[in-house]
Every structure is written in structure tokens, then in C-alpha cells.
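These notes concern the structure reproduced below.
The values are calculated or read from the model by the stated rules, or taken from the named source; none is laboratory data. What you see is a predicted model, and the numbers here were worked out from it, not measured in a lab. Cβ coordinates were reconstructed from backbone atoms using ideal geometry, including for glycine residues, and neighbour counts include every protein chain displayed. Ligands, DNA and RNA are excluded from the accessible area calculation, which covers all protein heavy atoms including side chains. Shrake-Rupley method; radii C 1.70, N 1.55, O 1.52, S 1.80 Å.
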Number of protein chains: 4
Amino acid sequence: MLKAGVIGLGYWGPNLLRNLYANNRNVALVMCDSNPVRLEKMKSRYPDISSTSNYKDLINDSDLDALVIATDVSSHYPLAKEALLAGKHVFVEKPFAASIGQAEELVELGRKNGLVTMVGHTFMFSPPVIKAKEIIDSGELGDIHFITSSRVNLGLHQKDVSVIWDLAPHDFSMLFYWMGEEPCSVNAFGHAYVLDGIPDVAFINLAFPSGAIGNVQVSWLSPSKLRRTVIVGSRKMLVYDDTEPIEKIKVYDKGVDVIEPETFGEYQLTYRTGDILSPKLPTGEPLAAEMEEFLTCIETGSIPRSSGEEGLAVVRALELADASLMKAE
Amino acid sequence: MLKAGVIGLGYWGPNLLRNLYANNRNVALVMCDSNPVRLEKMKSRYPDISSTSNYKDLINDSDLDALVIATDVSSHYPLAKEALLAGKHVFVEKPFAASIGQAEELVELGRKNGLVTMVGHTFMFSPPVIKAKEIIDSGELGDIHFITSSRVNLGLHQKDVSVIWDLAPHDFSMLFYWMGEEPCSVNAFGHAYVLDGIPDVAFINLAFPSGAIGNVQVSWLSPSKLRRTVIVGSRKMLVYDDTEPIEKIKVYDKGVDVIEPETFGEYQLTYRTGDILSPKLPTGEPLAAEMEEFLTCIETGSIPRSSGEEGLAVVRALELADASLMKAE
Amino acid sequence: MLKAGVIGLGYWGPNLLRNLYANNRNVALVMCDSNPVRLEKMKSRYPDISSTSNYKDLINDSDLDALVIATDVSSHYPLAKEALLAGKHVFVEKPFAASIGQAEELVELGRKNGLVTMVGHTFMFSPPVIKAKEIIDSGELGDIHFITSSRVNLGLHQKDVSVIWDLAPHDFSMLFYWMGEEPCSVNAFGHAYVLDGIPDVAFINLAFPSGAIGNVQVSWLSPSKLRRTVIVGSRKMLVYDDTEPIEKIKVYDKGVDVIEPETFGEYQLTYRTGDILSPKLPTGEPLAAEMEEFLTCIETGSIPRSSGEEGLAVVRALELADASLMKAE
Amino acid sequence: MLKAGVIGLGYWGPNLLRNLYANNRNVALVMCDSNPVRLEKMKSRYPDISSTSNYKDLINDSDLDALVIATDVSSHYPLAKEALLAGKHVFVEKPFAASIGQAEELVELGRKNGLVTMVGHTFMFSPPVIKAKEIIDSGELGDIHFITSSRVNLGLHQKDVSVIWDLAPHDFSMLFYWMGEEPCSVNAFGHAYVLDGIPDVAFINLAFPSGAIGNVQVSWLSPSKLRRTVIVGSRKMLVYDDTEPIEKIKVYDKGVDVIEPETFGEYQLTYRTGDILSPKLPTGEPLAAEMEEFLTCIETGSIPRSSGEEGLAVVRALELADASLMKAE
């Protein structure tokens, strides 16, 4: 029987705990938070889960197989490092770490010690994102030309990180998952309007080795909530709108064909417009699938879909984007 | 009685001619196209308008007060220059000229000779754009933080200019009109997917002296048509969606307020969400207003809303955007 | 070579004339309106089409094969009757006639004399309506359970007929075409709010012999324009929204299945939700197809899709609906 | 301190209990369900609330002031009657009772004994419905001409009552609340497609004494969920779309004005189209407001917004609608 500990019972921690608790493997659980109010609240909700306010109890527990870390970003690295050194598999909430260096070290530690490192890029387990991945991999869209993504709404401003570190991890993890590659260049443009030094709007350009490009727009200042991603392929185009209650994914049989000239002369273009299909999406909570993936990878030794390497790729893009934003300011 | 000539009877020329013809000043008109088929077609539609296939006849006509130029971009500059040197007021279709140098020379010629130079940025005469300008100028939105604009659809690829020169003149002319200023920096990112060397998707970043920024997205490759502009102000936000049949403009009473801390401590933010108003828009054809403006300015000597200076500002931004795009390629 | 006359050059007549003129059969045409202003306007537009202000000239023209009648409803019957008696095929604008008796007589006259009678139910020639018919006939929707249709907007009040006679012919002709049957009962409920005695809102219930039912909502008083028809079948459901620029037809793979109980007990229901498909629609002007159908039926003797019988069925439903509305008032 | 009991801990009961529990009056509570599983589940959630499996314990509890009944419709009447006879105020879930006779008796019993009778028409406490009521009562819409309401989606079929008894209570309670009057006639048309004898689609026509009319469309068979109500007034029009995440209410400054002819002649109509306003709606859970209203009325003796009389009016319309539906079948 697997034994796992959850550190950090603020916003995300309880959701991860709930899904571990409900997982049908019957994982033995321990929960931990240094804040006694939070800990008490969770103890009354889960009287049968053991608990501690000292994370060292988890690190030193030789029966513990895995640690789920849902604390502030700044503590991801030290906690995960300590756990890996103690021989525990680690799941770390997004973003994986606060810098490229930290993320690289964690990935390397996991690899060297044969331990699973996984990051909580939940969107990689959500039905519409997986459906889009299947469609892309099937070749239905042809070559991917470019992807645009908008993630904007009013609030909530963070006080320590830019809107890029807050919102772009979602888009970056989706884009890299779909493309199957990391970008070769990342540039951002934006500004801080409400709080000095905390950019609240950013436009990020990405170039991929395959020749595809991406544009990600993130903002805490917007009249309406947008969660809209467009994937333009050489054969078809796909729109993923997460604010739609039903038709989250639409595949457009649209494109432009270049007709080779018979004789010497100009190329002709024809624009093609066909059916629009909104595929049925499976139901299921992404977090349940995410926790299931973590436990399966521990058991089988396989690499998680949102592995530490994926977490590192996202952190790398975040750091590059943020740096170019600061430079431009 | 004013006398005006229209050169170029391809796509836009006939629309301009129709509105000059319908203008209740009873302007004396001459039309000109070197293509005999086009000219014949227009002669059968307007048997009472005199015509010529040689533009020199217009230049040399000492009774002619003004020239309306709706030819290919490459001929805007030589025709307008010749007309200005012959003492005629000129209206030039957008984009004003093919380079910054050409545009500067035309503006300078007009200024020196006391002649009107005007450019056909039609959106500056469309009811929703004017309504947005009124709302901005009234101070209702507060300070303008940033503006995003998307102008994408499937087709039509141009074979000689990038998607920036084709579509961005609309967005640039609107943005500069609303902001009342030219950008101090322009950068673009994009790619050519269908035709080598002809970028068909671009993301353009603009910074304004006032501190506002802009992001313009243009593309000939898109699953659906978008004509959506968002203006985020410090007090309210405005959305202009030109694909909406009725509610083209919506004003959102939304914003974030920073509350000064009473004692030493952190700033608090409160997010404000109020009514949404879609104002009634006046009807009226933008082209009719545009031609009316040209004729009025000739009569009164006032400067047109879309003056040569505006045309120059747009050309300047186009050239900068295109250059940075080519560099990035 | 066929020879056809068009009577009535008000709103619809010129459209019909334009499509007859453009038909590649090269039909010989005569046009007629007792109003000299209208006639002159059309003569200047079509100088090569002969004309007359006296409709008798058309009736008495022994070379004339067919008459297209686009006059006021009250004159549909006398004109069509005279034409049929003179041995001419007739096309009559919708509604076919002002009463059931009139419509029956015209149909009977056509049948007896071997002449085509056709009515201008244009929607029966529009691509989305035809696509819906094909989908229904393919059996994809299963049995048709019910159809709802909304046709509402602000204005334009008629001064002589109820909103039912003005708007419901469109819905009735579509419904009867799709169902392949006439309703066995028609009832309406509504009221006259703006002009005494002229109902401006009505809700019409229809029952069909097959067991299907229909509900049609028509109004000149509505905050927004609705043109939305829903077809609920036993296997799938279809939505036809004519205000959508692109996705006018959507087919929902949705339904409820009744599972037979294994042992004595309650039936179980399962709700099925699958893909949503918006099929590509062919382009093409419905009026061109309508005129083509009329000419083809004259040449081949086949029965038009929107035959006089269809026109009679619609008039029958209109008269029943209007009568029950008046009774309820 | 008030003491209240909740009978029926199935679907709605726990919601009512939760809101009574959270009410800041600190009401003493007892909960009751004859189903031991349900009771145990609630006892573990609310260990400090006393409980019983025998409702007689509540009836016989002389300290108990009020009973909240959330059982099956068939037991509303006997339970409420027993409670009223025992001198307790009653809150009954919708629909108030299973027949007009039952509802009348309960209302009469409450009135005679000076006890509050209230029904759970929750929509009467929801922010958009209250906002619409305020707008109507302010006179902004002018006279109400007609109201249409659609409440359709796929499932869930009831096995004992028609779709009218299942869904129309919501629309009826809203309409009567807005109109401030009961209908003088109610007629329905519909059919049972999936389960014999259980109509799953219905179109209901209502006439009000003021001259207004209503049309309510309810169905368990629909490709998409609609919750759309349109109120057409003589001055303005209002749309309430409960499926909209933000703009649930829109007020259209639209209408038609009849211009009196100066001389003898025809009336002229002018159509007016102005601003569209989506007012900010207050937040707040309708059920909390509903329970607060019940407790306040007990304390003050005032009549609840959704009084037993309102419940009776709705039951009356339901019974009439259902009867006419059965007759038409």
C-alpha cells in the first residue's frame, strides 16, 4: 500500500488531498500545514487522516513513498529537494519552481535517484485539452502553423509575481503538450498599471523549432473573461473556448490550398470551408486523473504526462518571458 | 461649384464616386481609368459624368479643384505629388503611401501650398469608432491603459504586401485617432505560412508616449472572423465588436481601485463591476461622411479628421512593424 | 424559347424579374405595372425588356407561356385565374391566395388544364432549409417529435393583415415541406397591441397526422430578431438559426433512450449526448433556384417543390390560425 | 429564540436546512426523515442539530414554531395541514400542493389561525427576477403587453407528473409576481413522446385581466438548455436569460409609437431603437433570502412574497394547464 503526504492545505492542497482520498487504491495519507487553523479544519473534515504541523515528520517517515507539495512557490524547491534526497517521489504544484536553476536541479535529482517528479499542470488532464491533443496527433489539422491563446479577466492581482507567472503556466503547459516541443524563443511585452512593478497585462510571442509560432495574451484587467485558444493548422483549424458550457472544442474544416500553376505563372489560392464539428468530450475531474497519473507512475516507473521536465520547460519560458518584459519596461 | 476628379475605378473608386455624386453640394465630376473596360462600365452607369482614360487631363484641367486617388498603392505617391504640384487638393486611399519618405513629402507639399491632403481611413468615419472616441474624450473610461485589437479571418492573401500592410491600417488609424497620439515604438512578430515572403499572421506591439500600450493581431488564416477591439481604461472598459449586428459597442463599468492603507501596510485592491451599456449608434454611411469631410475642408480650409498627417502616422507604424517582422523572420 | 411576363414591380417583382433575366435559358420577358413610376424605373434598368402598363396585354399575348404574379395579395386570385383560363402557367408570390376557396380553385384550374401552378415560398429553396430536409429524409433524426419556430423582430406592422398572414407563411411552408404532410389541426393565440384589430403577436399550435406537433411564434414586437427553428427527433435534434452568419444548421447527437426492464419493473431512461455538427451549406440565391424550378416544371411538366398544392396547404393553415385567433380575442 | 423543524432531507431539504443553520438569528433546529440513511448522513454533517425519524415528534413539539416541508408533493398537503392545525407556521416546497382544493384549504387554515403559509418559489428571491420586478414596477417598460418564457433542456423525465408540473411552477411564479395578477385563462398544448401518459413538451398560453398575455414553453426534450424570458412593454422591452453568466438582464429601449394623424388619414408608426442596458445585479443566494423572509414573517406577522396565496395561484394555473393538455391529447 502506497503512503503519501500532502504539504500545504491552503487553496489547492485540500483539492489534491480529496482526490487522493477518493482514489480507489486506498493510499495511506498524512497531511501537513504549519498553520494550526488550516490543519484543524482539515482534521475535522478528515478525522481518519493522520496529520502533523511539522513537515520534517513527513521527510523522516521511512514508510512514506511520496510527497505532494502545494505550498507557496518559494518553498517548492527546498521542500521538493529535501523530499527527493530522502528518497520520496514528489508532486509539485504549478509553477514547478521559482527559477530555471531550481527546476533543473529538481529534475536532475529525480532522474539520478529514479524518483518520479511531477508538476500540477492540471490542464494537461482536462478533457478538452486532451481531445485537442488527440486531434493534433491524428494529423487531422495538418502541420500546426500557429496557436493564439487569451487568458484574461478582471483580477485577481498577485502582489509578488507578474501576470505571466500567475496565468501563463496554463497556456504554456497546454501549448508545449500539444506541440510536443519547447519554444526556441520567448518574448513578452506588457505593463504594470495598477501595482508598481507587477505587470498586469502581457503579450507573449513564442517561436518553436518546427516553425510554428504562438501568441499568448494574459491580463488581470479585462471587461470579460476570455479563455480562448485557436490552433491553425495547414489542413484544419481548432478553437478551444473554455468559457463555453458545451461546445468547448470546435474543429473547422477550413484552410487555404495553393494550386501549382500548370504553366509558368502565378500560384493560385483556393479557400476551403467545410463542416464544423464540436466533438463530445468525456467527463471526469482533471484533478482525479492527475492524482491517478502520479500514483500509477510511482507504481510502474513510467514518466508522467506532466513530468518535472514539462515543469522545467514551463519555468524556462516563464523566466524568459518575464525577463524580456522587465527589460522592455 | 467645386470640381473633383476620381482616378482609379477598380474596387474603391466607384464607391467614392457614388458618394461624391450623391453629395448635395452638386460637385462637378470627372472620372478616369486607364482600363477601358472599367471606364466603359462606369460611363454606362453615370452617363452624365465626363470621363477620360488619361489622368493628365485631370492634372492639366485648371478648373479642377481636387483629386480623389483610388489606384494601386504604388501610384499613390506620384499621382498625389503631381496633383499637389498642380495646385489640387488630394484625397488618397489608404494606405496613404508606400513608404514613410513618400508620405512625408506629400504632407509637406500640401502644407507648403495650402492644400488639403486627406487619406481614406474610413473607420474614422464609422459610427462605432466615433462613439468610442466620444466616450474616451469625455473621460468616462479614465486614463487609457491598453488597447487590444483582433482583425482576422480566412483570406484574402495579397501577393505583394504582408498582412500588416493589408489589415493593420484599419487598427492603426482607429488607435491613433482614439489615443490622440502616435506610438513611440512599434514591434511585430509573425510568419509567412502560405506564400513565401508574404507574412499572413502578425502580432504587433505598440507603446504610446502617454504610457498606454497596444496589441494588434492580424491574420488571413483564422477559423472565424474577428473584428474585436478592447479598450481598458482606469475607470471603465469598452469593447467594440464590429461583427455584432447590433451591440457593436459595450461600455463596462468595471475596474480595480487601489485603497490607500490607513496605517503603514499593504495596499488593498477592490474590483468594481457595474452596469453594462450598449449605446445606440447613429446610422449613416462612413464613406458619405468621409467625402463630405473632404469637400468641407476644401471649402473652409480646416484640417480633415483623417488628414495626410494621420496617413503619415499610419504609414510610419506600418513600415516599422513590417521591418521588425522581416528582421525576426 | 419560353416567354414569361412579370406583373407587379413593387418589392418582390424586380427580384423575380432579375433572376428570370439572369437565367441561362434566355427567357423572353415582358414586364407590367399599372404604376407608371415603377414601370419607368424598371424600363431604365432593363431597356431591352418590353413592357406594358396593362396586364390584359399579357393575358392576351398568345406567345406568352407563363405569368409571374407579384402584386398585392388581394389580386393574386383574379390575375392567376385569368391567366390559367388563358392557358398560361402561373407563379404566384406568397401567400398563394387570400382564402382557402380561392387557393383551391386555382389549384383545380391548373390541374384540369395541365398547367403549372407554383407559389413563391422562397425558404423551400434556401440552402439551410434544403439541408434540414435532406437530414430529416435520411432518417438521421429518427421520427420527428416536434418542431418549434420563432420569427420575431421589431416591425414592420402591416395595416391590413395580422402578423400571422405576414410572417407565418415562411414557417408553415418550411414545416410542411420538412414533415411531408399538412397539419390536422391549427390553433392560435395572440393579441393586437399597437393597431386595433391587427394582431401583432401570435403563438400557433399545429398537430400533424404522424403524431408530431409544431409551435410557431410570430411577432412584430420583439427586442431582438429571432429566426430560430428546433426539430426534435427520436434520435437526434436539429437547430436552424437563420440569424447565425455561418453555423445556420447544427445537428445534435442527443436523445433519450428507454431501456426495457429485464424483469417486471420500471423503464429506465438514459440520456445520450454526442457530437454537434454544423454542416457546410452550399451557396446560391434561393430566388434563382425558385425561378429555375418554375421554368423547368413548365418544360418538363413535373410538379414544382412549392406547387400550388403547397400554397393551398399554407393558406389553409393561415386561415385556420387567423380564425382561431380572432375567436379568442 | 425561534425553533423550526425541517421534514424531508432528500434533494432540497438539506439546502433549506443549511440556510436556516447559517441564518444569523440562531434558530433552534430539528431535522426529520423517515429514511435512516438520509438522516444519518445529515447527522454526521450537523452533529449539533437534533433529529428524529418520526415527523409526529415535530408536530407534537409545543416549542416548535415552524415547519419546513421538503417532502414529495403528495405529502405536502397532509403534513402542512397537520402542522397548521397544531399551530405551526409552514413553509412548503414548490409546488405548494397537488391540487387546487388542497392548496385552498391550506391557505384558508393559515389565514384563520393567523399562521404564516409560504411556498418555496425560489426564483422570486433570485436577483435577476427581483431586478426585473423593480424595473416593471418603476414603469420603465410601460404597460406590459406580453411575456414569453422558454425553459427547456434534455431531461430529466419525471415518472409521475407532466413537464408542466415539473418546470412551469418556476415560470408561473415569476410571471404572476411580475404582473401582480393571476391569469384569467390558461391553456396548454403538448404531447408525451418518451413515456406514455407523461407529456414531455408543452406550450402554455395565459391571458391576464390587464390584457397582457403570456406564453410558456417547457420541455425535457431539447438540444440545448434555454432559460429565456422576454417581457414586451409599451415603452421598453426586457430580456432575462438565466443561462448568461453575466448579462442575465438586458433592457432594450425599443418600441413602436403611433403618431396621431394631423388631418384625417392613416396613423403612422415609428419604430424606436435606443440604448441597451445590462444592469449590475446584486449577489446573494436566493435560498438564504427565502429562509430569511420566512423567519421575518413569522416574527413580524407580515405576508411573505411567496405566500400560500401565491402557491395557490400557481397550483391553479398548473391544474388548468395540465387539464387542457390532457383534454387535447
What tally of residues in region A:168-185 results from selecting those that are in a helix (DSSP H, G or I) and over 24 Å from B:V218 (Cβ atoms)? 5
In this structure, does B:F203 turn out to be buried (at least 23 other Cβ atoms within 10 Å of the Cβ) and at pLDDT 95 or above? yes
Got at least one residue in region D:230-248 being open to solvent by less than 10 Å² (accessible area, probe 1.4 Å), aromatic (F, W, Y) and touching a Pro at 6+ places or on another chain (Cβ under 7 Å)? yes
Counting only residues that are touching a residue at least 60 places away in the same chain (Cβ under 8 Å) and assigned to a loop (DSSP other than H, G, I, E, B), which one in region D:11-47 is nearest to the chain's Cα centre (by Cα)? D:W12
Which ones in region B:219-275 are in a strand (DSSP E or B), facing chain A (nearest Cβ under 9 Å) and among the hydroxyl-bearing types (S, T, Y)? B:S219, B:Y252, B:Y271, B:T273
Step by step: first the residues of region C:139-160, then only those that are among the aliphatic types (A, V, I, L, M) and facing another protein chain (nearest Cβ under 9 Å), then the one that is farthest from D:G190 (Cα to Cα). Which residue is that? C:L156
List, please: which pairs have Cβ atoms under 8 Å, are six or more places apart or on different chains, and start with a residue in region A:89-111 that is assigned by TED's automatic domain parsing to the domain that holds A:A168 and end with one that is part of a strand (DSSP E or B)? none
Identify, by number, the condition in (1) open to solvent by less than 40 Å² (accessible area, probe 1.4 Å); (2) of a type in the set (F, W, Y); (3) closer than 30 Å to A:L167 by Cβ that A:Y21 doesn't meet. (1)
Selection from region D:199-218 of residues that are within 11 Å of chain C (Cβ to nearest Cβ) and in a loop (DSSP other than H, G, I, E, B): D:P199, D:D200, D:F208, D:G211, D:A212
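Looking only at residues that are within 14 Å of chain A (Cβ to nearest Cβ) and assigned to a strand (DSSP E or B) in region C:276-308, which one is nearest to the chain's Cα centre (by Cα)?
Residues of region C:276-308 within 14 Å of chain A (Cβ to nearest Cβ): C:276-283.
Filter once more, keeping what is assigned to a strand (DSSP E or B): C:276-278.
On the way: C:I276: 28, C:L277: 26, C:S278: 24 Å.
Only one residue tops the list, namely C:S278.
Looking at region D:78-100, which of the residues that are open to solvent by 40 Å² or more (accessible area, probe 1.4 Å) and not acidic (D, E) is nearest to the chain's Cα centre (by Cα)?
Looking at the filtered set, the residue picked out is D:A98.
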Can you tell me how many residues in region C:272-287 are touching a helix residue (DSSP H, G or I) at 6+ places or on another chain (Cβ under 9 Å), buried (at least 16 other Cβ atoms within 10 Å of the Cβ) and not charged (D, E, K, R)? 4
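Those residues that are among the aliphatic types (A, V, I, L, M) and open to solvent by 30 Å² or more (accessible area, probe 1.4 Å), I need them from region C:29-47; list them, please. Can you show your working first?
Step one: of region C:29-47, the residues among the aliphatic types (A, V, I, L, M) are C:29-31, C:37, C:39, C:42.
Within region C:29-47, just C:V37 meets the criteria.
Considering only region A:101-139, state which residues are farther than 28 Å from A:L64 by Cα and β-branched (V, I, T). Steps first, please.
So the first thing to find is which residues in region A:101-139 are farther than 28 Å from A:L64 by Cα, and the list is A:126-139.
Once the filter is applied, which keeps residues that are farther than 28 Å from A:L64 by Cα and β-branched (V, I, T), region A:101-139 yields A:V129, A:I130, A:I135, A:I136.
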Return the residues of region B:48-74 that are open to solvent by less than 30 Å² (accessible area, probe 1.4 Å) and without any contact (Cβ under 8 Å) to a residue 40 or more places away in the chain; say none if nothing qualifies. B:I49, B:T52, B:I59
Of C:V194, C:V239, C:V218, C:V201, the only residue that is in contact with a strand residue (DSSP E or B) (Cβ under 6 Å, 6 or more places away or on another chain) and either within 28 Å of A:I276 (Cβ to Cβ) or of a type in the set (S, T, N, Q) (or both) is C:V239
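Residues are listed down the side, and each one gets a yes or a no for (1) over 13 Å from C:Y240 (Cβ atoms); (2) of a type in the set (V, I, T):
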{"residue": "C:P127", "(1), (2)": "no, no"}
{"residue": "C:K131", "(1), (2)": "no, no"}
{"residue": "C:E134", "(1), (2)": "no, no"}
{"residue": "C:D137", "(1), (2)": "yes, no"}
{"residue": "C:E140", "(1), (2)": "yes, no"}
{"residue": "C:D143", "(1), (2)": "yes, no"}
{"residue": "C:T148", "(1), (2)": "no, yes"}
{"residue": "C:H157", "(1), (2)": "yes, no"}
{"residue": "C:V161", "(1), (2)": "yes, yes"}
Could you grab me the full set of residues in region B:168-191 that are open to solvent by 20 Å² or more (accessible area, probe 1.4 Å) and either farther than 21 Å from B:V232 by Cβ or touching a strand residue (DSSP E or B) at 6+ places or on another chain (Cβ under 8 Å) (or both)? B:H170, B:M179, B:P183, B:C184, B:S185, B:N187, B:F189, B:H191
D:T71 passes all but one of (1) of a type in the set (S, T, Y); (2) under 26 Å from the mean Cα position of the chain (by Cα); (3) farther than 18 Å from D:P14 by Cβ; which number fails? (3)
